[in-house]
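Heads up: the structure comes next, in structure tokens.
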Amino acid sequence: MSRIGRMPIKVPSGVTVKIAGNQVTVKGPKGELSRSVPAEMSLKLEGDTVTVARPSDSTKHRSLHGLTRTLVANMVEGVSRGYEKSLEIVGVGYRAEKTGEKLVLRMGFSHQVEVVPPPGVSLGVESSRIKVSGINKEMVGQMAAEIRAVRPPDAYKGKGIRYAGEVVHLKPGKAGKVVGKK
């Protein structure tokens, strides 16, 4: 059995889960998410827990078991607490500002880079930090990755956009000529 797949999903108060065939809809205080899960997996709602079961021990069903459980658990957590990723801007002259819904990045290029968030994702800027938040974990992670891809951290000076807490291993610079050696 999959260790993750067999764990029940606890549904917090204020969150409702509806299962119709292979369509799962989760509604909570932060919003509503809906997703189609693989038809082979069976979902059961018993009281305030959701369990996922698989029909057989085939490789395909075993791999889908844990995935399905994690996707539904992420939906439940998203509508109840939401997700947030923080990015840091490191470098002299690198700036980010929010104009309307768009994020305008000045990252040392000859032009500004405008990032428009998809519906359900909000962006916030405070000094040299960018906060990406929303209820869908996949969309929040994708938006954070797209912002980071504008100017990833440089391998020599560490300048660029990085995730908060990300460790950037710097390469040593060019070694100069050694005086006195022949």
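Observations, loosely collected:
- First in region 2-20 and among the charged types (D, E, K, R), second anywhere and loosely packed, with under 15 Cβ neighbours inside 10 Å and assigned to a loop (DSSP other than H, G, I, E, B), Cβ under 9 Å, 6 or more apart: Lys10/Asp48
- Val50 falls short of the stated requirement of being β-branched (Val, Ile, Thr), touching a residue at least 40 places away in the same chain (Cβ under 8 Å) and part of a helix (DSSP H, G or I).
- Checking each residue in region 6-47 for being farther than 17 Å from Glu77 by Cβ and not in a strand (DSSP E or B) picks out Arg6, Gly21, Asn22, Pro38, Ala39, Glu40, Met41, Gly47.
- Among the residues of region 9-47, those that are within 24 Å of the chain's Cα centre (by Cα) and hydrophobic (A, V, I, L, M, F, W, C) comprise Ile9, Val11, Val15, Val17, Val24, Val26, Leu33, Val37.
- Enumeration of residues in region 29-40 that are free of Cβ contacts under 8 Å to residues at least 60 places away in the same chain and closer than 21 Å to Val140 by Cβ: Pro29, Glu32, Ser34, Arg35, Ser36, Val37
- Strands (runs of 3 or more DSSP E) fully within region 86-182 that include at least 3 residues being surrounded by 11 or more Cβ atoms within 10 Å (Cβ to Cβ): 95-99, 102-106, 121-126, 129-134, 160-163.
- Flag for Val72 being within 30 Å of Gly5 (Cβ to Cβ), in contact (Cβ under 8 Å) with a residue 24 or more places away in the chain and surrounded by 13 or more Cβ atoms within 10 Å (Cβ to Cβ): yes
Read the figures in this text as sums done on the coordinates, not as results from a lab. Keep in mind that what you see is a predicted model, and the values were worked out from it rather than measured. Here Cβ is always computed from backbone atoms with ideal geometry, including for glycine, and neighbour counts include all displayed protein chains.
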